[in-house]
1. Which one is nearest to residue 26 (Cα to Cα), of the residues in segment 141-155 that are of a type outside the set (Asp, Glu) and surrounded by fewer than 16 Cβ atoms within 10 Å (Cβ to Cβ)?
2. Report those strands (runs of 3 or more DSSP E) wholly inside segment 1-120 carrying at least 3 residues which are of a type outside the set (A, V, I, L, M, F, W, C) and open to solvent by less than 60 Å² (accessible area, probe 1.4 Å).
3. Please indicate, with yes or no, whether at least one residue in segment 37-51 is in contact (Cβ under 8 Å) with a residue 40 or more places away in the chain, touching a helix residue (DSSP H, G or I) at 6+ places or on another chain (Cβ under 6 Å) and of a type in the set (Ser, Thr, Tyr).
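The values are calculated or read from the model by the stated rules, or taken from the named source; none is laboratory data. It should be emphasised that the depicted structure is a prediction, and the values quoted were computed from it without experimental measurement. When we count neighbours, we look across all protein chains shown, and the Cβ atoms used for this are built from the backbone with ideal geometry, even at glycine. Just the protein is used for accessible areas: all its heavy atoms, side chains included, with ligands, DNA and RNA removed. Shrake-Rupley method; radii C 1.70, N 1.55, O 1.52, S 1.80 Å.
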Amino acid sequence: MKKITIQTSSYDETENFGKQFASDLIPGDVILLNGDLGVGKTTFTRGIASGLGITKNVKSPTFTLIREYKGGRIPLYHMDMYRLEDSMDEDLGFSEYFDGDGVSIVEWPQFIKDELPKDHISISIRRNLESEDGRIIEIILRGDKYQARSFGGIK
């Protein structure tokens, strides 16, 4: 397990970091994205999409559960599990995405914890109290397949 902490000072920096982070992503990568409402999860995801070469506007999947973005070097599957807090009684086929041809980003992953792969990238974003638009981004790489990659030069 490797843990890295990054600080950004604006939404643009957070999005640009997401773009850099995307450089080492490959099919089958799973990112668990944690953070309060409005902290920048979609901003970070927008950066990842851009880094993958996806030009379509990235929006929060809150009301659609999963948004699929294609047209880049690999597909991006952006999931929001917030609305599943009390309704995880059935298999919704998440493993098809997690083991599939693209990168899966899961917001509010705690609501599908039994469905998540053991190996994943966990990213937590929180406000930096020293800067109005600043964010602290904590990244934990879980699993051997992530350890040797640099994700945009992070060490």
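1. My answer is 145.
2. Answer list for segment 1-120: 76-80.
3. Within segment 37-51, not a single residue is in contact (Cβ under 8 Å) with a residue 40 or more places away in the chain, touching a helix residue (DSSP H, G or I) at 6+ places or on another chain (Cβ under 6 Å) and of a type in the set (Ser, Thr, Tyr).
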